[in-house]
Structures are given as structure tokens and as C-alpha cells.
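Here the structure comes first, spelled out in C-alpha cells, and everything after it is commentary.
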Protein chains: 2
Amino acid sequence: VSDVLRGGASGVLRGVSSWQAEADVVVVGLGCAGACAALAAAARGARVLLLERSSAGGGTSALSGGLVYLGGGTPVQKACGFEDDPENMARYLLAACGPAPDEAKIRHYAEHSVEHFHWLSSCDVPFRASFHPGTGIEPPTDDGLIFSGSENAYPFCEIARPAPRGHCPARPGAAGGLLMERLIARIAVAPEVRVESDARAEALVVAEDGRIVGAAVRRAGETFCVRARRGLVLAAGGFIQNRAMVARHAPALLRCKIRIGCEGDDGSGILLGMAAGGAAMRLDAGSISLPFYPPEGLKRGILVNGAGQRFINEDAYYGRVGEQALLRQDGRAFLIVDEAVHERPMAGMEVAAVGESAQELEHELGLPAGSLQATLRLYNEHASRGEDPLFHKRGAYLKPLVDMPLGALDCTVDHAIYAAFTLGGLHTDLDGRVLDAADRPVPGLFAAGRTTSGLAAQGYSSGLSLADGSYFGRRAGAAAAAEVV
Amino acid sequence: VSDVLRGGASGVLRGVSSWQAEADVVVVGLGCAGACAALAAAARGARVLLLERSSAGGGTSALSGGLVYLGGGTPVQKACGFEDDPENMARYLLAACGPAPDEAKIRHYAEHSVEHFHWLSSCDVPFRASFHPGTGIEPPTDDGLIFSGSENAYPFCEIARPAPRGHCPARPGAAGGLLMERLIARIAVAPEVRVESDARAEALVVAEDGRIVGAAVRRAGETFCVRARRGLVLAAGGFIQNRAMVARHAPALLRCKIRIGCEGDDGSGILLGMAAGGAAMRLDAGSISLPFYPPEGLKRGILVNGAGQRFINEDAYYGRVGEQALLRQDGRAFLIVDEAVHERPMAGMEVAAVGESAQELEHELGLPAGSLQATLRLYNEHASRGEDPLFHKRGAYLKPLVDMPLGALDCTVDHAIYAAFTLGGLHTDLDGRVLDAADRPVPGLFAAGRTTSGLAAQGYSSGLSLADGSYFGRRAGAAAAAEVV
């Protein structure tokens, strides 16, 4: 095999005739997408071999906050008194996940989200029927529901009836770990699924007729070939840890201090799929969070850019704020607060300057003369009437900034926490089939999770990656198991 | 062959054993990239077959304004009194063509741009040694040199010494046609080059060992296979005319009224390359022009967004203005002028509103109360001192807007001319070799022009496409001819 590998350094191997292991479905990667793919394939009666490159598994899913974006009227939403339905959920996602998100995936997911809630529950993933009034981040409590996007902020609150959809497994601060523990526990008792740890897929095996029929796997210094009789599912994460790939496709993300992703998010799954003929899409897209709140009260401040201008309603999801601050304002932003609004931000941004007047603060920040003064004058005038005609921040966060001194929290990309991960990946259909540049399936090849371009084409809300990873992971595993070869 | 084609609908054909035509180098597309590739291959002694899908050839190059971005100290630059050198040119392009443009391509091109000027001149492309003081657009005269980017605008004027680099062939209003006439005339007298018109490449032929060895070509209702003994060059344009592809990869461009590109810019060259294993990059990128000038005097107005805020120095290249207006301001922009500044814009934007005061104009435009008033107050205050600390417009265009009435020219994407073409494409090296997802050449396959991602990764200046098309077209043709098979 290693001879073959040397000859086939392009990520695909041809002419393999002997196998060291076999399964109906081979899954690459044990994050939420791979785990759900394996469980769904096993439920269809397939023998599954799950390859995980690390020793433990869990991937970025286990490290995450654990929010799963679910809606359309889940039992938790209902118990907490929120009305939602699939059409309403789809309206929000179509507006918030663009421009030009995958409408078919969004509509399908919105339609099946309640069913997916029940499936996750059936895997012993516990969601408490209690609402937490924070936003964006996972609750610090074991509450099960939170606003995890911009649902109740402009313009989305006018596009769809606001409903919280961030569903959080009940373990404060470690909900992603709990989610993966429960899924992995299910796998452990599924006789059809065998997990090989420390096993890294290095190439896909292609048959004469172009079908993907297995993978070359590296483990403990040796390479062996595993056969996938029905299909192979790539669920190996995104590429935020592959700096060269980020530089080429999504260079703005290089400026973000925090990379959200385990070591395995090095793009290997995407590159394997591309080598096999799969088309990648939206490789430029990323989730970019600027967690300038909590505390929630900091939303009463105003964010200004390098020209001293406001640029967004500050009550938007901080992933939307981070995206706009980085991509539209070149990563230059300050949160202006007054003495009454100022609190220590959880993410620890430093105070860039303090001033006894807008003029002094503007000068200290090196902003153009008069710019911040004009911005504050206009904002305060509107805020004193409970209005924000420029960006439509909600009344609860509108307060004239008049209690001196004023301060500026440093939200520039060079100093603040901008946390990023990639959203682009292989193009797949609703069954997780990897498509080529002309939208034809690559036979035998499936993918899910951040190895694919999923529900969010660009705009993000917390919980979408665990949502499309787990849901379309299930679809991919079931479709692979159902392949007739 | 049609049986083979039916079986190989994926854009590649395998198992072809008989050929209806042969050449050392096959070139797909007769725009500037294909023409220059053919001439360079012929100069290396190769027999060349050039396939053009239309009857006449010329492509988008012939329809274009004809500017070629050349610099580093060309004879025309020197005769017109402008100092430039390769390092200075590279500094501008690295700053203006990003984020994260291909540094190797930019440095190489800046180094060889004077040589390329002489090569084009040797093909009888005439550049008059006279400077036109306009900007952006090709001269309405037969002048040979013009500022065609943001070289003398902030921030670029502080990054590199401003020098005009838009070189225009001497035919007012039809310089692109002249350029292609001259190149095609060269081809007509090159005995090594045969042009097949009305011939469309439908698939690439792949040999057993993965090498690209030819193409399946459709002409007059029949399909035949042509063999490329040494190499095949894809020079088939971009994809602005493929609406599905634009929607998937660069959805913002769908909002632009004007598509710059001939019918052939349907992505077929890029898709053929991807089907053969080539990796595409920066498919999200596009050139987006908002020609709110000429007349140049309109730069004395100010552009404001939907919140009544300025967002750019109005003397920037209108391709930079269009990009920011669409991508950063959601396509909402108005050019505010006063009675003294107002002129009829060449691109015909309509007057959206008129007002006897800033307050009245703001109201008429539906801008937030007080917003435009604050913007004008601050701008006028600075402009009266000859300053623009917010966006650094040059003094020549700074004039307080105080001569009533005020007017707003409608620069919103729904009403004004936004003209777009795609910049993303196949990833190539300096010799035009098409690279796969792991940066390895696809053997036998080359590409140039807008079928590739070239000098401009995103930010654009006029003339860059004819520049990298013609220059890297030459490189691709020469490299293909030099292949030892």
C-alpha cells in the first residue's frame, strides 16, 4: 500500500485490490457529524467503521458551547412560551444565513427540526425546558433555551417572529462535551459500529468506474486500506487550523486572534473530497464573533468605526457584529460607554481611552476631529426619545451616553477577541452526497458538518454547526447505508 | 466519440484512442489570453490549434475598453513624465488587489511589465506617449496613458508613489477591439497557428496516467476529439454570464445591472478545469464598478449610505467605490451634490431628490432624521479648511456643499449602473499550470485570463484583466510548448 500511496500523492488511490478492513459504511471523523452518521447508518442495518484521528474523539463539537440550533416548535420552545413554526424558522435562517444560503437545506431542516430534537433526546441528550434571558453565548446555567442569534434584533425581528432556538444540553459550561459523551455512549453500545482511534484517512480509494470505495488509513506508523462497501462519509471538520488554506480562501480570518477548532480542523476532509472530484463552495465564509457582551448592559454603548461612525445595531448577535466589524470596517471598532453603562466585559477588552467629554475621548482615540462628537450628538438626541432611526437598536438598550466620563473599550481586531472558524466546504445535497462542479454526485462519497458548506453560507447564529452537523450527518449516514452497489 | 461523451458527462473523457485533429498545444478561447498563449507557443516552435466557440473571436477582450495595466517604467510612462519602477508598482498592486492577492504573480508581473509593453508593441499594438488627465475609464481620446485605479487616492498614494499605469491602445472608444485586431492579425500570419471557429470544447481528454491530452470539441452538430501532444491551455473567460454559478459563489454580483462579459463568460473553462482536478479559488471575488464619474467634478460631491454617512473618499477608483458600496453598504448609496457641483453624470444616474436644505434633502431621501445634516455639517467644516480627516479625499475635490439647492444622485444598486465581472477562477502558478487542491500541477493543463484567479484577488484596477490575460497567457503558451511528454 505504501508504494501505491507514494504513487498516489494526490489524495486519491487507484488500483487497490486488497483490503485490511471492511465495512458497509466508513465514516471519517468522530465529531457530532460523524457520530450521527454512524448511528444513522447502523440504524439502517449497516456495519460501520468510524475512523478518528485523535485518541479520544469528540472533535470541535466536544469543545464547543454545545448549543444546537433547533426550532419550528420544539417541546422546549413551547414549554418556555415561545411560538415558532417551520416557515417562521426558515424565514429567519434565509435572511440571517446569507447572502444566498442553501434554501433547500434551510427549508428541509426547518421542516424536520422538531423531529431532530426528538432524535437527539432519544440519544439521551438532555435539554431542560427553561429559558435563559442572555443572548449569543451558551447559558452559564443549565437552562435549555436561549436566543443564540439575531432573532429579536433588527432587521430580523421584522422578517420573522422572534423565537429563541439555541438549545443547550444541561451541563453548564461544558454542554458540547455532554452532547458528545451521550452520542459516543450510544455508539459504544451499537454492535454495528466499530471505532478505530488514532486512525487518520490519508487518501480515498477510487474504483475503475470512479466510485469511492474506501480509504487509505494511517495508524501507528502503518498504512492500510479499508473498504467501504456502500459509502464513505467525510465528517472531518473545517479548515481554520490550516493557515495556508485560510490565507488562500478566507484571508480576513487570519486576523482573528482565536481559532475555534480542534487540531483536526486542518481542511483534510475538504481536500480529500476535492481530490476525489468534489466541488468546494463558499470557502471565503467564516463565523467571526466579537463577544463585546456579556454583560448584556454593554449593548447600551455604541460601536464606532475608525471614522467615528456607528455601523450596526449593538443588540445584534455578536457573530453578526464581528463579521461586520472585520469585513466592513477593516477590524477597527470601539465600544463607547459612559459611566452609567460601563461594566467589565467578560471577554476582557481593555479600555482604550477615557475622556471627560466626547471631544476629549475622540482626541484620545485619534479619531477625526468632530467625528465622534457628531455621532454621539445624533445618537443621544434619538436615544433620549427612545429611537434609533439609523440602526434600529431596541428601546431597552437605548440610553443617551451623557454620564461623564466617557470610555472606549478596544474592539479592534488587533487587541480584542475575534473568534473565527470556517463555514465553507464541500458542496452536498440533502442526503449529504458530495457533488462535483456540475452538481453530479461523486458516487459513494458523502460528507457532513464543517467539512461541507451547510445551513450558514456566511451569516451565522450560534448552534448552526452542531445543528447541520448532527442533522445532515444523520442524513448522510442513512443515505450511505442505503446505497445499492 | 458521442458514445464516450455520453458516458463521460463529468467534463472529462477517458479511453479516447482516435483523434480527428492534433497539435502540440491546444488553446481554448480566442480572447487576449488565448491569443497570447497561441503566439507564445508558436514562437517556441509548437504547432498550435486554437479553438474558439464563436464565429469571430475576440471575446470580452475585444468588447472591453482596452486598457492594459502596465508599469514599472514603461516608455510611455517616461515620455509622459511619470516615475515608476517594479518595486513601486508591486507595492501598489499588493495593497490594491487584496486582501491577500497572489504575491508571486504580482511581483513577477511588476518585474516583467516593461518587457511585456515591448512585446505588445512588437505585435503592433500602438500606445501613444500622451497622458489623459481623466481617471478610471479609458480616455475618450487616443491618449495612451491614464490613471486607471486608485494610485493617486488614499490610502494608496501613501503606500506607493502614484503613477498612471492604464495603457490604452490608440483607438478612441474601441481600444479593446484594436488590441484584439492586432493580436489576431499576428495569429493570421503565424503558420504554426490554426484557428477553428465555432468550435466549443466540451470535455477534456484524460490519459491513463492522469495527464490532460486533448479535448472533445463540438462544431456544427458534431463532436470530435483533438489531441494536445504537449499541453492544453484554457483561456475561456470568466463566469459572469452563468447565473447559477454566480448565485452559488458570488451572490452579491447578481444585484449588478450590467454584466461585463461576452456570452462565452459562462464558466465553462473553469468548470472544465475543475472537472480535470484543478482547484478554483476566490470564486467569491468580482470587479464591481459604480461609474458615478465622469465628469471628474462629481468627485466633489459626497457619497452617503442608507444611514446618511459617508463611507469612502470619493476620489477613489470607481471600481473600489462600487465594491464598497455593494459589499459594505448593501448597495445603498447617494451622491450628494450642491448647485455648484452638480453636472449630468455620464452614466446617467437619476436625481433621487432635491432640497433647499440638508434637512429637506434628508427628508426627501427618507434618511434618518438628522443624519445627513450631521454628515454635511462635519464634511463642510473640514472641507472649508481643505481637510478630510475621515476619508482623506484630495484637496482638489474638497469643497463645502453649501450652494443650495442640494441634490442626490441615485447610486443605489437597484437604480444605478453597477457593472460586474468575476475575478475568481482556476488556481495557476507563474507558468499558467493549473494546480489541484494540494498545489500540484494537473499534468498537461494550463490556463490564463479570467478562467484563472489572477493579479487581482478582489480589489481591482482597470486594465488588470487584459494585463494578466495577455502576460500569463504568454507564459502559459510558452510553458505548454516546452512540455516534454
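We did not get these values from a lab; they are worked out from the coordinates using the rules stated. As the structure is a prediction and not an experimental result, all values here were calculated from the model. With ideal geometry, Cβ positions are generated from the backbone for all residues, glycine too; neighbour counts draw on all protein chains shown.
Points to keep in mind about this one:
- Against the main long axis of the alpha-carbon atoms of chain A, helix A:371-383 sits at an angle near 90°.
- Paramagnetic label reach from residue B:208 (point 7 Å along Cα→Cβ; backbone nitrogen cut-off under 20 Å): within the range A:14-48, residues A:14-18.
- For the range A:316-374, applying the loop criterion from DSSP together with a ceiling of 13 other beta carbons within 10 Å to the GluC sites (Glu not before Pro) yields A:339, A:350, A:356.
- Estimated translational diffusion coefficient (Stokes-Einstein, Kirkwood radius over Cα pairs, 10 °C, 1.306 mPa s) of the range B:218-314: 93 µm² per second.
- Take B:52-59, A:148-155 and order them by the average number of nearby Cβ atoms within 10 Å per residue, most first; the result is A:148-155, B:52-59.
- Cα convex hull volume per residue for the range A:398-485 (Å³): 137 Å³
- B:468, A:84, B:436, B:209 arranged by Cβ crowding within 10 Å, fewest neighbours leading: B:209, B:436, A:84, B:468
- Kirkwood-based Rg to Rh ratio, the range A:422-462, C-alpha trace: 1.00
- Site pair residue B:20 and residue A:115 shows an inter-label distance of 4.9 nm when each label is modelled 7 Å from Cα along Cα→Cβ.
- Two numbers describe the Cα atoms of the range B:1-111: Rg and Dmax, which are 20.0, 62 Å.
- Each listed q (0.11, 0.17, 0.20, 0.23 Å⁻¹) maps to a log10 I(q)/I(0) for the range A:277-379, found by the Debye formula over equal Cα scatterers with no solvent: -0.36, -0.77, -1.04, -1.33.
- Extreme residue, positive dipole direction of chain A, given options A:62, A:153, A:16 (C-beta unit charges): A:16
- Three-way shape label, chain A, alpha-carbon gyration tensor, a/c 1.5: prolate
- Label-point gap, in nm, between residue B:381 and residue A:198 - each point 7 angstrom along Cα→Cβ: 6.9 nm
- Charged-residue dipole, Cβ positions (Lys, Arg, Asp, Glu), chain B about Cα centre, Debye nearest 20: 1160 debye
- Neighbouring Cβ atoms from other chains, within 10 Å of the Cβ of residues in B:273-283, number 5 on average.
- What you get for the protein assembly as shown, charging only the Cβ of Lys and Arg (+1) and of Asp and Glu (-1), is a dipole of about 2300 debye around the Cα centre.
- Residue order, fewest to most beta carbons within 10 Å, for A:249, B:116: B:116, A:249
- Alpha-carbon centroid distance for the pair the range A:20-80 / the range B:438-479, whole angstrom: 42 Å
- Taking a ≥ b ≥ c as the square roots of the eigenvalues of the Cα gyration tensor, an a/c ratio of 1.5 or more together with a/b larger than b/c marks the range B:122-235 as prolate.
- Global form of the protein assembly as shown, assessed from the alpha-carbon gyration tensor, a/c cut-off 1.5: oblate
- Within the range A:132-178, the proportion of Cα pairs with more than 14 Å between them is 47 percent.
- In this structure, the residue pairs whose Cα-Cα separation is over 30 Å, taken from A:105/A:399; B:257/B:393; A:78/A:105; A:399/B:399; A:257/B:105; A:257/B:399, are A:105/A:399; A:399/B:399; A:257/B:399.
- Inter-part distance where the range B:313-367 and the range B:104-122 are each reduced to a Cα centre, Å: 38 Å
- Averaged over the residues of B:242-251, the number of partner chain Cβ atoms lying within 10 Å of the residue Cβ comes to 3.
- Panel note: the C-alpha atoms of the range B:365-428, placed on their principal axes, show extents of 50, 28, 19 Å (largest first).
- Peptide B:394-404 - average C-beta neighbours from other chains (10 Å radius): 0
- FRET efficiency estimate (nearest 0.05) - Cβ-Cβ, residue B:190 to residue B:257, R0 51 angstrom: 0.80
- Evaluated with a Cβ-only charge set (Lys, Arg +1; Asp, Glu -1), the range A:384-466 carries a dipole of roughly 200 debye about its Cα centre, given to the nearest 20.
- Nearest 10 degrees, 0 to 90: helix B:175-188 Cα axis against chain B principal axis: 10 degrees
- Between residue A:396 and residue B:141, the FRET efficiency from the beta-carbon distance, with R0 = 60 Å, is close to 0.50.
- With Cα atoms, 0 to 90° folded angle of helix A:464-482 axis to chain A main axis: 20 degrees
- Options A:36, A:305, A:71, ranked by Cα towards positive dipole end of the protein assembly as shown, top entry (Cβ charges): A:36
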